[in-house]
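Notes follow once the structure below has been shown.
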Amino acid sequence: MSLARCSGFLIAGVVFGGSLAGAQTQAGGVPTFKVNSSLVLVDVVATDHSGAGVTDLKQEELRVTEDGKERPIKSLKLETATNSEARRRVAESVKATLAKLPAGVSTNLREIGAVPTEVASTVLLLDGLNTPLDSRLNVRREMVKALQQLDVNQPIAIYALGNSLTVLQEFTTDAGVLRAAAQKASTKGALQGMDSELGDHGSSGIMEALAPGIVSARMSEFESATGTMEQDVRVQRTLDAFDSIARRLASVPGRKNLIWLSSTFPLDLYPGGDFSGPWVRHYADTLQATLVNLENARIAVYPVNANGLEVGFNVRSNRPMGRVGAGVFVSQVQESQDTMNLVAEETGGRAYYNRNDLNRAIASAIADGSSYYALAFTPAKAEVDGRVHRVKVTSSRKGVVLHYREAYLSFDQNVPSKQRIQYMKQEMSNALTDKGHLATGVIVYAKLNRDGKSVDVVVDSNFLTIASAENKMRVQLQVATAVFDGKDKALNSGADVVGTEFEAGKLNAFLQAGVHFKAPIERPAEAKRVRVAVRDLASDRIGTVDVGLN
């Protein structure tokens with residue numbers, strides 16, 4: 001597909017009635033400029049030993065090290081729901097802008113209007129995929145109980161993970177709406193697990209013809225293979241769900257708390273037992289990639305074990321990552337706790353297990369992230385090196401406990417790794433096909449052209465990353481389209497790259513006007529809608545919009 005640039009910026013005034021410029025000025029934030037130096041942002045939750053928030057820390061009371069060496073703190077700001085007035089103004093401006101849009105103009109700005117304006121937001125994830133049926137019902141019960149007792153003063157959303165990720169309730173502060181959504185969690189298969197998906201793997205007559213010893217060995221191998229297959233499916237679907245959540249929440253301002261309610265945490269990072277078997281799996285590398293996506297979206301994960309009190313196990317195994325003895329027994333409970341601790345520590349959350357007050361654990365996790373410090377420091381190397389760097393934040397004040405992400409990945413998005421290229425290909429594919437969600441990393445306006453053969457698209461410049469060099473400024477976008485019929489079957493698709501360059505003195509005009517282009521489409525008779533996906537190549541942020549073809 002070839003994308004033709006529009007002649008100048010006149011088409012906005014013709015197609016969108018001249019209202020787009022005002023929309024961008026009101027709804028857009030401050031544009032991002034690429035510079036040679038960089039800052040690393042770390043969200044830090046500070047509590048005392050009783051779990052109460054500490055909100056009066058000073059910059060001089062904190063110390064940051066990167067890979068063991070101290071780094072200067074450039075800024076420290078306490079973020080709470082009380083200082084979110086700017087975000088509330090943005091939400092009001094979005095509503096006003098939407099009211100003025102001409103007929104026929106589609107935009108994902110409506111999704112921004114529903115985004116929480118408070119500084120801290122929470123998603124409750126009910127994991128039915130990794131939780132037995134009886135525990136699922138208990139999780140739902142305890143969540144409803146927590147919502148009944150909770151003073152909901154920050155936005156909360158409820159997601160369910162069954163064989164796929166389902167949004168039961170978008171962000172709201174209405175406790176009644178949240179309780180109703182929690183009650184719905186067991187209906188319509190939202191929490192359906194994999195109890196029977198892999199089918200009945202009974203023995204066959206061939207097995208019966210073998211000697212008893214051979215049968216036992218073959219059955220043991222068969223059960224190991226079957227268990228590993230199911231484990232692989234669970235792990236992949238769990239990680240896919242986390243990646244999807246990271247995409248959905250990337251445009252939500254501030255820190256997000258993801259409370260993961262499950263009875264098993266299947267990401268076996270340090271596999272024990274016999275490494276010689278062909279069915280042994282561990283998922284450390286795959287999990288690390290997902291953790292980076294969560295960290296980039298400023299999501300802190302709070303795993304909550306739905307099994308209640310489990311006695312007889314240590315709090316942390318501290319097992320080495322290398323090969324262990326063939327006869328060493330590693331319990332599933334300990335593996336789950338290791339995973340819970342690692343995911344929480346890497347993202348800045350906390351793990352909750354070995355406790356029977358599940359509803360209090362949920363309430364504690366929600367309260368834990370209601371206020372935090374946005375800390376920025378200068379890394380040792382301004383240039384990227386493609387490495388993961390370890391971060392440690394300490395306080396000189398006695399009794400203060402800090403939770404924060406413990407690492408960051410230094411990478412250049414202009415020179416992405418093979419893994420990053422493949423990941424972004426998948427992200428664009430997901431953005432085009434995810435019917436239930438519009439991505440809002442980039443704000444897009446679109447309208448079907450009068451000829452019916454193309455879509456006029458305007459991208460809000462205020463959401464783009466602008467490169468600057470030698471008094472010139474540049475923006476590059478990847479644009480993709482997919483046409484669907486009335487049953488959401490994809491009929492055709494296409495993609496291309498568009499860009500614009502302008503003098504630095506024309507920045508304000510560029511921010512007012514946006515980036516304009518035509519996206520040609522093939523329109524079969526059965527076509528009902530086209531989805532347009534726009535990716536900012538400098539930041540990898542994606543925005544999508546649907547345009548009707550009736």
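For region 436-498, the strands (runs of 3 or more DSSP E) that sit wholly inside it and include 1 or more residues that are of a type in the set (Lys, Arg) and in contact with a helix residue (DSSP H, G or I) (Cβ under 9 Å, 6 or more places away or on another chain) are 444-448, 472-485. Looking only at residues of region 237-266 that are part of a helix (DSSP H, G or I) and at pLDDT below 80, we find that the one that is surrounded by the most Cβ atoms within 10 Å (Cβ to Cβ) is Arg248. Consider region 459-475 and keep the residues that are within 21 Å of Leu109 (Cα to Cα) and polar (S, T, N, Q). The one that is surrounded by the fewest Cβ atoms within 10 Å (Cβ to Cβ) is Thr465. Do you know which of the residues in region 331-365 that are in a loop (DSSP other than H, G, I, E, B) and in contact (Cβ under 8 Å) with a residue 60 or more places away in the chain is farthest from Leu126 (Cα to Cα)? Selected residue: Gly348. Between a residue in region 130-145 that is free of Cβ contacts under 8 Å to residues at least 40 places away in the same chain and any residue that is outside any loop (DSSP other than H, G, I, E, B) and of a type outside the set (Ser, Thr, Tyr), which pairs come within a Cβ distance under 7 Å, given they are 6 or more apart or on different chains? Pairs found: Val144/Arg179; Val144/Ala182; Val144/Gln183. Filtered by the rule that a residue be more than 18 Å from Ala431 (Cβ to Cβ) and either among the aromatic types (Phe, Trp, Tyr) or not assigned by TED's automatic domain parsing to the domain that holds Ala431 (or both), region 482-503 gives a lone residue, Phe502. Is it the case that Asp285 is in a loop (DSSP other than H, G, I, E, B), charged (D, E, K, R) and at pLDDT below 85? It is false that Asp285 is in a loop (DSSP other than H, G, I, E, B), charged (D, E, K, R) and at pLDDT below 85.
Filter region 125-136 down to the residues that are at pLDDT 80 or above and either assigned to a helix (DSSP H, G or I) or touching a Cys at 6+ places or on another chain (Cβ under 6 Å) (or both) and list them by number. Those that are at pLDDT 80 or above and either assigned to a helix (DSSP H, G or I) or touching a Cys at 6+ places or on another chain (Cβ under 6 Å) (or both): none in region 125-136. Of all residues in region 145-157, at least one satisfies being on the phi < 0 side of the Ramachandran plot, buried (at least 21 other Cβ atoms within 10 Å of the Cβ) and modelled with pLDDT of 85 or more. Restricting Lys506, Lys472, Lys518 to those that are more than 29 Å from the chain's Cα centre (by Cα) and within 23 Å of Glu427 (Cα to Cα) reduces the list to Lys518.
Annotation: of all residues in region 368-387 being over 21 Å from Lys74 (Cα atoms) and in contact (Cβ under 8 Å) with a residue 24 or more places away in the chain, the one that is farthest from the chain's Cα centre (by Cα) is Asp385. Quick one: is Val498 in contact with a strand residue (DSSP E or B) (Cβ under 6 Å, 6 or more places away or on another chain) and at pLDDT 95 or above? So Val498 does not fit the description; no. Taking every residue in region 452-468 that is farther than 11 Å from Ile521 by Cα and pairing it with any residue that is crowded, with 22+ Cβ neighbours inside 10 Å and among the charged types (D, E, K, R), at least 6 positions away or on another chain, the pairs with Cβ-Cβ distances below 7 Å are Leu464/Asp536; Thr465/Asp536.
The values are calculated or read from the model by the stated rules, or taken from the named source; none is laboratory data. The structure displayed is predicted, hence computed values, not measured ones. With ideal geometry, Cβ positions are generated from the backbone for all residues, glycine too; neighbour counts draw on all protein chains shown.
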